[in-house]
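A short write-up of the structure that comes next.
The values are calculated or read from the model by the stated rules, or taken from the named source; none is laboratory data. Just so it is clear, the structure is predicted and the values come from calculations on it, not from any experiment. Cβ: placed from backbone, ideal geometry, glycine included. Neighbour counts: every protein chain shown. Side chains included, ligands, DNA and RNA excluded: accessible areas come from the protein's heavy atoms. Shrake-Rupley method; radii C 1.70, N 1.55, O 1.52, S 1.80 Å.
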Amino acid sequence: GVLTDGKGRKVNFKNTIIIMTSNIGSKFIQKMESIGFHNNSEKAEYGQMKDKVEGALKDHFKPEFLNRIDEVVVFDILSKEAIKEIVGIRINNILARLQEKGISVSITDDVLSYLARVGYNPQYGARPLNRLIQAKVLNPIAERIIRQTIVSGDVVTVSVVNDDIVINTNNKKKQISSLRSQKKETSVSK
C-alpha cells in the first residue's frame with residue numbers, strides 16, 4: 001500500500017495499477033507480421049507466438065519477479081488501418097493547434113496514407129510516426145510561421161507529390177500587399 005522513493009518520500013500506493021511495457025519477444029511478433037498471419041489458423045499462430053514471447057520473458061526475468069505480475073498481455077500487430085487512424089489522431093492534434101493561431105490546414109487523404117505507409121515500423125510500432133509527422137509536416141509549417149510566410153488567416157494545403165509531402169500556402173498577407181501594389185499602379189497610370 002505504500003511506495004517509498006529513493007529520497008525516502010512515501011506515496012500511497014494502495015489503489016494502484018502498474019502497467020509495464022517491453023519489447024522482449026518482439027522478434028517473434030515481427031516474424032508473425034512477415035508471414036502475414038491472416039488465414040484460418042490465425043488464433044493458433046497467435047497462441048504459438050504468445051507462448052514464444054512469454055518464454056522470452058522467462059529467459060530475461062527471474063521467476064521471483066514474474067511471479068508478482070498478475071497478467072501478461074501480448075499485443076497484436078498493428079494493422080494498416082490502425083496505423084492510419086493513429087496518423088489521423090496525430091494530425092488532428094496539429095490541426096487544432098494551428099486553428100488556435102488562426103491558420104486553416106487542408107490535408108489530403110493521400111498524406112495520411114503516405115505517413116501511415118512510411119512511418120510504420122513493425123519493430124518499433126507507431127513511435128516513428130511522431131518523428132515523421134514532425135519532420136514532414138510540423139517542422140516545415142513551423143519554419144514558415146517563424147519566417148512569417150504563414151500568418152493568421154492563411155490556408156495551408158498539405159498534399160503528396162512525387163512520393164513526398166508538399167506544403168502550399170494561400171497567404172493572405174501577400175495577397176493584400178499585391179492588391180495594394182496593383183491599386184497604386186492603377187492610380188499612377190491614370
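Find all pairs meeting these conditions: Cβ atoms under 7 angstrom apart; at least six residues apart or on different chains; first residue within segment 76-90 and without any contact (Cβ under 8 Å) to a residue 40 or more places away in the chain; second residue open to solvent by less than 80 Å² (accessible area, probe 1.4 Å). From residues that are without any contact (Cβ under 8 Å) to a residue 40 or more places away in the chain, the pairs are 84/112; 84/113; 84/116; 88/112. Only a single item in (1) at negative phi; (2) at pLDDT below 90; (3) not small (Gly, Ala, Ser) is not met by residue 37, and it is number (1). For segment 83-105, a residue qualifies if it is open to solvent by 60 Å² or more (accessible area, probe 1.4 Å) and either in contact with a helix residue (DSSP H, G or I) (Cβ under 6 Å, 6 or more places away or on another chain) or assigned to a strand (DSSP E or B) (or both), and the qualifying residues are 84, 90. Looking only at residues in segment 106-123 that are more than 26 Å from residue 155 (Cα to Cα) and touching a residue at least 40 places away in the same chain (Cβ under 8 Å), which one is most open to solvent (accessible area, probe 1.4 Å)? For segment 106-123, the residue satisfying everything is 123. Can you tell me which residues in segment 139-156 are open to solvent by less than 50 Å² (accessible area, probe 1.4 Å) and either of a type outside the set (A, V, I, L, M, F, W, C) or in contact with a helix residue (DSSP H, G or I) (Cβ under 6 Å, 6 or more places away or on another chain) (or both)? Within segment 139-156, 140, 149, 150, 151, 153, 154 meet the criteria.
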